[in-house]
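The values are calculated or read from the model by the stated rules, or taken from the named source; none is laboratory data. Since the structure is predicted, the reported quantities are computational estimates derived from the model, not experimental observations. Note: ideal-geometry Cβ built from the backbone for every residue, glycine included; neighbour counts use all protein chains shown.
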Amino acid sequence: MVTKDLAGGHGRHRLNSQTTRAAILDAAGRLFGEVGYDEVTMRRIAQAAGCSHTAIYRYFPDKEALLEALTRPVLEQMAQDFDRLSAAPGLEPATSATELDTETERQTERLVEMSMAFVRFGISRRNM
């Protein structure tokens with residue numbers, strides 16, 4: 001396998017490819033947030049990203065794939081946060097009314113934490 005450094009051809013191409021893909025994702029995220037998903041075209045995203053409208057299709061087959069690339073990491077992180085918050089480390093089944101009340105309080109606290117995480121997600125990522 002032939003590899004070249006950044007001064008050569010292959011490394012620079014990969015760097016330019018990553019830069020272009022990042023510019024496309026950034027432009028799409030901004031435009032989706034500003035005018036909405038339905039109003040944005042692939043040509044408009046390409047123009048905002050500074051690449052040709054045909055180049056954008058090297059990275060994303062369609063607008064839906066672009067949206068998925070934008071949202072997947074964020075939604076996966078939110079799912080991990082929910083998993084962490086919903087886990088009940090070290091809790092044994094309640095054996096008395098007092099333990100049951102304590103367990104109910106813990107579950108309620110976790111539910112509130114999960115709800116607040118979802119609200120924070122919605123506020124910080126309105127375009128999603």
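Things to note:
- For segment 31-75, filtering for residues that are more than 20 Å from ASN16 (Cβ to Cβ) and either among the small types (Gly, Ala, Ser) or assigned to a loop (DSSP other than H, G, I, E, B) (or both) leaves 7.
- For segment 41-72, a residue qualifies if it is in contact with a Phe, Trp or Tyr (Cβ under 8 Å, 6 or more places away or on another chain) and closer than 22 Å to PHE121 by Cβ, and the qualifying residues are LEU66, LEU67, ALA69, LEU70.
- Positions within segment 30-39 being farther than 14 Å from ALA65 by Cβ and of a type outside the set (Asp, Glu), in sequence order: ARG30, LEU31, GLY33, VAL35, GLY36
- Where ALA7 falls short, out of the listed (1) exposed (fewer than 12 other Cβ atoms within 10 Å of the Cβ); (2) under 26 Å from PHE118 (Cβ atoms); (3) at pLDDT below 80: (2)
- Selection over segment 76-100 of residues that are of a type in the set (D, E, K, R), modelled with pLDDT under 75 and loosely packed, with under 11 Cβ neighbours inside 10 Å gives a count of 1.
- Hey, GLU113 surrounded by 14 or more Cβ atoms within 10 Å (Cβ to Cβ), at pLDDT below 75 and in a helix (DSSP H, G or I) or not: no
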